[in-house]
Each structure stands twice: as structure tokens, then as C-alpha cells.
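One structure is given below, encoded as C-alpha cells.
Every number in this text was worked out from the coordinates using simple rules, so none of it is lab data. These numbers come from a predicted model, not from an experiment. With ideal geometry, Cβ positions are generated from the backbone for all residues, glycine too; neighbour counts draw on all protein chains shown.
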Amino acid sequence: MTSRRSFIQIIPLAGALALCARSALAADTPAVDPKDPQAAALGYVTEANKADTAKFPKYAAGQVCSGCQLYSGKLGDATGPCAIFAGKHVAAKGWCSAYTKKA
Ligand code: SF4
């Protein structure tokens, strides 16, 4: 039988394990290579301030993947999923020409 005290001791352990599992999953997800044909066509860069503004004049300072409607990463994470690049992660500080400001 699990006592209340041992149950309370289990909760932080379960939380720590969940965080580890989440980190491991994120680490296993490949990053989008800016040289991939689809990424290159969209002008994807891992650092938004390195966007090719001659080719993609749509870019404006302050636009980053973490502020894009298509980004579903967690706040504070360095990378996260993007609806355009299924199965891969983009840099939270990245950018591409499909940028759409979060509502
Ligand atoms: S669509 Fe948005 S989140 Fe995806 S790479 Fe482009 S700017 Fe980043």
C-alpha cells in the first residue's frame, strides 16, 4: 500500500523523469538544415538577423520562429517544431519567408 508520504515523494521524481524524456525526444529530433532544398527555397536561417534581405525583403527585425504562428515549440526552448518542416525542429531564433506573426 502506498502511503501519502511515499506518494508525495514520487511526484517530483515523476516530473523529473518526464522532463528527461522530453529533453531526450527533443535531442532526437533532427534540425532543419538551411541547405535543404525546401529550407533554402524559403530562405530559412538559424539566426533571423542573417536573413537574406535582398532576396527576402519581407524580413523585418524582431521576426523569429518562436514568434511565428507555425512554430509550436515551448517558450524558452532553443528549437521546436514548425508546421512546414514536419519531423524536424527549427531554431527558435531562426526565420524563413513563410513567417506569419502569432495571433
Ligand atoms: S514558418 Fe515560421 S516557424 Fe517555420 S521556419 Fe518559417 S519563420 Fe520559422
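Taking the listed residues Val90, Val64, the one that is under 15 Å from Tyr44 (Cβ atoms), among the aliphatic types (A, V, I, L, M) and near the ligand (Cβ under 7 Å from one of its atoms) is Val90, with no other qualifying. Condition first: surrounded by fewer than 18 Cβ atoms within 10 Å (Cβ to Cβ) and more than 10 Å from the ligand (Cβ to nearest atom). Now tell me which residues in the stretch 67-87 satisfy that. Those that are surrounded by fewer than 18 Cβ atoms within 10 Å (Cβ to Cβ) and more than 10 Å from the ligand (Cβ to nearest atom): Lys74, Leu75, Gly76, Asp77, Ala78, Ala86, Gly87. Of the numbered criteria (1) more than 25 Å from Asp28 (Cβ to Cβ); (2) within 8 Å of the ligand (Cβ to nearest atom), the one Leu42 fails is (1).
Return yes when Tyr59 is in contact with a Pro (Cβ under 9 Å, 6 or more places away or on another chain) and either touching a residue at least 12 places away in the same chain (Cβ under 8 Å) or closer than 15 Å to Gln38 by Cα (or both) and no when it is not. Spelling it out, it is not the case that Tyr59 is in contact with a Pro (Cβ under 9 Å, 6 or more places away or on another chain) and either touching a residue at least 12 places away in the same chain (Cβ under 8 Å) or closer than 15 Å to Gln38 by Cα (or both).
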